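Student: Dropping a structure here in structure tokens format, bear with me for questions.
The values are calculated or read from the model by the stated rules, or taken from the named source; none is laboratory data. All values reported here derive from a predicted model rather than from experimental measurement. Note that each Cβ is placed from the backbone with ideal geometry, even for glycine, and that neighbours are counted across all protein chains shown.
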Amino acid sequence: MPTVEVKNLVKNFGTTKAVKGISFTITEGEIFGLIGPNGAGKTTALRVMSTLLQINSGEVKIMEYDVKKQPGEVRKLISYLPEDAGAYKNLTGRAYLRFIANFFNEKNTQKMVEKGIEIADLGERIDDKVDTYSKGMKRRLLVGRALMTDPKLAILDEPTSGLDVINAQEIRKIIKDTARKGTTVLLSSHNMLEVEYLCNRIALIDEGKIVEEGKPQVLMEKYNANNIEEVFTRVVK
């Protein structure tokens, strides 16, 4: 059973056609990259799958639950990290994770918080206020928040956006480890080297349509390219 099934998804904003009938599937435990230039429709697609936007036509299923008809069931299975996500700056990192964990009605929220703390890996700074954190520390805290719930599907929009090399590497390792433990990951990134390193398969989206899909290595061979960045520039013109 695929974790994600997208069939002929269409999303319009008034007269603007943001997503024009895209289709793809993602299997359990896979890291799947949806990549494309700015304005291509990738973030819109991620927001549809996270139940934040209603679709105009087509079908999206997460673990066989229909995103349009059963959004409540879908939300129990997913976690979504937007590119511009923030945390409550007046809370400590630990208090923020505890605040989020309380929404899940778990019998033992402490276990969830401990997992978030482990993923964020902020050491003693976990008990400092969020507004004292660097951008990299905030992003690690937010990744911990997104993954501490053991989601069936983690939707990550630009997970390492704006981070230095060390912080970006740490988050990529977290994503890889999470997928190995069974969580399916759907991510978007402008960093083609990151995409090549992380993703089992990718779909290239341009002007609301998927223009290419496959394993990174297979696509590099198909386009006689040295890396995914070269594939990207040849496909998306």
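Student: I'd like to check something: does segment 118-126 contain any residue that is part of a loop (DSSP other than H, G, I, E, B), farther than 22 Å from T43 by Cα and either in contact (Cβ under 8 Å) with a residue 40 or more places away in the chain or of a type in the set (A, V, I, L, M, F, W, C) (or both)?
Tutor: Keep residues of segment 118-126 that are part of a loop (DSSP other than H, G, I, E, B), which gives 121-122.
Still in the list and also farther than 22 Å from T43 by Cα: 121-122.
Adding the requirement that they be either in contact (Cβ under 8 Å) with a residue 40 or more places away in the chain or of a type in the set (A, V, I, L, M, F, W, C) (or both) leaves 121-122.
Yes, because at least one residue in segment 118-126 is part of a loop (DSSP other than H, G, I, E, B), farther than 22 Å from T43 by Cα and either in contact (Cβ under 8 Å) with a residue 40 or more places away in the chain or of a type in the set (A, V, I, L, M, F, W, C) (or both).
Student: Can you name every residue in segment 11-58 that is in a loop (DSSP other than H, G, I, E, B), among the charged types (D, E, K, R) and modelled with pLDDT of 95 or more? Lay out the reasoning, then the answer.
Tutor: Of the residues in segment 11-58, the ones in a loop (DSSP other than H, G, I, E, B) are 14-15, 27-30, 36-41, 50-56.
Applying the additional criterion that residues be among the charged types (D, E, K, R) yields 28, 30.
Matches in segment 11-58: E30 only.
Student: Here are some residues: V4, V67. Which one is modelled with pLDDT of 95 or more, under 14 Å from the mean Cα position of the chain (by Cα) and farther than 15 Å from G208 by Cα?
Tutor: Unique residue meeting the criteria: V4.
Student: Filter segment 84-101 down to the residues that are out of contact with any Lys or Arg (no Cβ under 8 Å at 6 or more places or on another chain) and surrounded by 12 or more Cβ atoms within 10 Å (Cβ to Cβ) and list them by number. So that I can check it myself, show each step before the final result.
Tutor: Of segment 84-101, the ones out of contact with any Lys or Arg (no Cβ under 8 Å at 6 or more places or on another chain) are 84-85, 88, 94-95, 98-99, 101.
The answer is A85, Y88, R94, A95, R98, F99, A101.
Student: So if I check each of K61, K138, which one is in a strand (DSSP E or B) and either surrounded by 14 or more Cβ atoms within 10 Å (Cβ to Cβ) or β-branched (V, I, T) (or both)? Even if it seems obvious, please write down each step before you answer.
Tutor: Values: K138 fails: in a strand (DSSP E or B).
Checking each option against the conditions leaves just K61.
Student: Tell me, yes or no, whether segment 196-208 has at least one residue that is in contact (Cβ under 8 Å) with a residue 60 or more places away in the chain, touching a helix residue (DSSP H, G or I) at 6+ places or on another chain (Cβ under 9 Å), surrounded by 19 or more Cβ atoms within 10 Å (Cβ to Cβ) and under 16 Å from E83 (Cα atoms).
Tutor: Within segment 196-208 (the criterion being in contact (Cβ under 8 Å) with a residue 60 or more places away in the chain, touching a helix residue (DSSP H, G or I) at 6+ places or on another chain (Cβ under 9 Å), surrounded by 19 or more Cβ atoms within 10 Å (Cβ to Cβ) and under 16 Å from E83 (Cα atoms)), the answer is no, since none of the residues qualifies.
Student: Select from segment 50-79 the residues that are out of contact with any Phe, Trp or Tyr (no Cβ under 7 Å at 6 or more places or on another chain) and among the acidic types (D, E) and write down the one among them that is farthest from N12 (Cα to Cα).
Tutor: The residue in question is E64.
Student: Look through Y80, Y88 and report the one residue that is touching a helix residue (DSSP H, G or I) at 6+ places or on another chain (Cβ under 9 Å) and not in a loop (DSSP other than H, G, I, E, B).
Tutor: Numbers: Y88 fails: not in a loop (DSSP other than H, G, I, E, B).
Criteria check complete, one pass: Y80.
Student: Also, quick follow-up: Take the conditions farther than 18 Å from L9 by Cβ and either surrounded by 15 or more Cβ atoms within 10 Å (Cβ to Cβ) or among the hydrophobic types (A, V, I, L, M, F, W, C) (or both) and apply them to L34. Does it pass?
Tutor: Numbers: farther than 18 Å from L9 by Cβ: no; either surrounded by 15 or more Cβ atoms within 10 Å (Cβ to Cβ) or among the hydrophobic types (A, V, I, L, M, F, W, C) (or both): yes.
Answer is no for this residue.
Student: Now for a different question. Would you say R145 is under 18 Å from the mean Cα position of the chain (by Cα) and within 21 Å of R201 (Cα to Cα)? Steps first, answer last, please.
Tutor: On the way: under 18 Å from the mean Cα position of the chain (by Cα): yes; within 21 Å of R201 (Cα to Cα): no.
So R145 does not fit the description; no.
Student: A further question on this structure: Strands (runs of 3 or more DSSP E) wholly in segment 159-237 with at least 3 residues that are more than 16 Å from I119 (Cβ to Cβ) and more than 14 Å from the chain's Cα centre (by Cα) - which ones? Walk me through it before giving the result.
Tutor: Working: elements: 184-188, 201-206, 209-214.
Filter on segment 159-237 gives 201-206, 209-214.
Student: Here's another thing I want to ask about it. Got a sec? Which of K107, K135 is over 19 Å from A168 (Cα atoms) and out of contact with any Ser or Thr (no Cβ under 8 Å at 6 or more places or on another chain)?
Tutor: Values: K135 fails: over 19 Å from A168 (Cα atoms).
Just one listed residue meets the conditions, K107.
Student: Taking L34, is it of a type outside the set (S, T, N, Q), touching a residue at least 12 places away in the same chain (Cβ under 8 Å) and more than 14 Å from K209 (Cα to Cα)?
Tutor: Taking the combined requirement at face value, the residue does not satisfy it.
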